[in-house]
1. Just one of (1) part of a strand (DSSP E or B); (2) within 24 Å of Ile115 (Cβ to Cβ) trips up Phe309, so point out which.
2. Kindly indicate which of Thr266, Thr237 is in contact (Cβ under 8 Å) with a residue 24 or more places away in the chain, in the same structural domain as Pro166 (by TED's automatic domain parsing) and touching a Ser or Thr at 6+ places or on another chain (Cβ under 9 Å).
3. Listed residues Ala35, Ala70; which is closer than 26 Å to Pro120 by Cβ and either in contact with a Leu (Cβ under 7 Å, 6 or more places away or on another chain) or assigned to a helix (DSSP H, G or I) (or both)?
4. Mind counting the residues in the range 133-143 that are hydrophobic (A, V, I, L, M, F, W, C) and surrounded by 15 or more Cβ atoms within 10 Å (Cβ to Cβ)?
5. (1) surrounded by fewer than 24 Cβ atoms within 10 Å (Cβ to Cβ); (2) farther than 21 Å from Glu100 by Cα: which one isn't true of Pro208, the others all being true?
6. Within the bounds of the range 84-96, is there any residue that is acidic (Asp, Glu) and either surrounded by 13 or more Cβ atoms within 10 Å (Cβ to Cβ) or out of contact with any strand residue (DSSP E or B) (no Cβ under 8 Å at 6 or more places or on another chain) (or both)?
7. Report those strands (runs of 3 or more DSSP E) wholly inside the range 236-302 carrying at least 3 residues which are surrounded by fewer than 21 Cβ atoms within 10 Å (Cβ to Cβ) and modelled with pLDDT of 95 or more.
8. So, restricting to strands (runs of 3 or more DSSP E) that lie completely within the range 157-222, which ones have at least 2 residues that are hydrophobic (A, V, I, L, M, F, W, C), touching a strand residue (DSSP E or B) at 6+ places or on another chain (Cβ under 7 Å) and within 30 Å of Leu147 (Cα to Cα)?
Amino acid sequence: MPLVLFLLITPLTLPAEQHTLLSTPATVHWGYYDAAQPPVLRVHSGDTVDIRTAMIDTPEALERNGVPAAQIDPASREIHRAIKDRGPGPHILTGPIFVEGAEPGDTLEVHIESIRLGLPYALNIFLPGLGVLPRDFPYEHRKITPLDAKRMVARFAPGIEIPIRPFFGSMGVAPPEGAGRISSAPPWIHAGNLDNKELVAGATLYIPVHARGGLFSVGDAHAAQGNGEVCLSALETVLSGVLRFSVRKGPRLLWPRAETPTHLMTMGFDEDLDAAIRIALREMISLLVERYKLSREDAYVLSSDAADFSITQLVDGKRGVHAMIPKSVFDGR
């Protein structure tokens, strides 16, 4: 279990159980987060769930681009055939998971214990009108990249290899009930499509709860990604991961936060990149004031002196920014 270094709150725990949740037509929803979506699994605080995601692209498109039929994920093939209720977003999400005891105003802690590759390849795709350079690339394009699970590299081209750092691009809870069904594409206060490449195994995500049970869903599996995700997609694949869920009562979060073994992290999302930066910065100032009892002035200055602000992604409707400050800065505390 990770040390919660900036949420001064108390977890609700019972004897932990282990669960498995596979992606099937009965356990996924396509393209949205919604507080009205019924849960497919109920767990208690402290439980772990071994979750497998589905592939975002169609089996037919993958085969046309050179993937052997035997390498098409059977569950993803069935999901693409069976699920008709889709959108408005593109992501196939496994869940929702109802976490007992989670109420609006609480925080859902999601610790990523491990992540495993599910396929020997990944897909990149860009589409007309999307991505950072839609006028330069006004057409559809797919690229299949082999994944070497033994060496943990993606073989992009002869002489070009990308280190594999798998993570789930979308991890989120249901939005407030009044929001209704929202697209899976833009991240928001419910987290969702964060596309944050720092959320690998060992990281912990903290999400404000907006609906009873939290109703957590996960998808958009990435073998690797660059900050920005500029063409529209990353190395899209299938992943399995063990996630531990804990309900925390205490000060209410406004936006998702996270931590890695080495850093504390705040996030901001908005259609305007400058606004997203301001959200991430204000969240970092609040974190430092809450956890380390700094004055707001000192927190502002420390954010300038020691925190790094990075563009998470630029292609999901709302731009994402994440701010990271090393935990080593606070060793004396």
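The values are calculated or read from the model by the stated rules, or taken from the named source; none is laboratory data. Treat the numbers as computed from the prediction; the structure is a model and nothing was measured. Note: ideal-geometry Cβ built from the backbone for every residue, glycine included; neighbour counts use all protein chains shown.
1. (2) is the only condition that Phe309 fails.
2. Values: Thr266 fails: in the same structural domain as Pro166 (by TED's automatic domain parsing).
Going through Thr266, Thr237 in turn, the sole match is Thr237.
3. On the way: Ala35 fails: closer than 26 Å to Pro120 by Cβ.
After ruling out the rest, the residue left standing is Ala70.
4. If we filter the range 133-143 for residues that are hydrophobic (A, V, I, L, M, F, W, C), which is where we start, we get 133, 137.
After this cut, where a residue has to be surrounded by 15 or more Cβ atoms within 10 Å (Cβ to Cβ) as well, the list is 137.
Number of matching residues: 1.
5. (2)
6. Going residue by residue through the range 84-96, those that are acidic (Asp, Glu) are 85.
After this cut, where a residue has to be either surrounded by 13 or more Cβ atoms within 10 Å (Cβ to Cβ) or out of contact with any strand residue (DSSP E or B) (no Cβ under 8 Å at 6 or more places or on another chain) (or both) as well, the list is none.
Checked the range 84-96: no residue is acidic (Asp, Glu) and either surrounded by 13 or more Cβ atoms within 10 Å (Cβ to Cβ) or out of contact with any strand residue (DSSP E or B) (no Cβ under 8 Å at 6 or more places or on another chain) (or both).
7. On the way: elements: 239-249, 257-259, 263-270.
It comes to 239-249.
8. 167-172, 214-222
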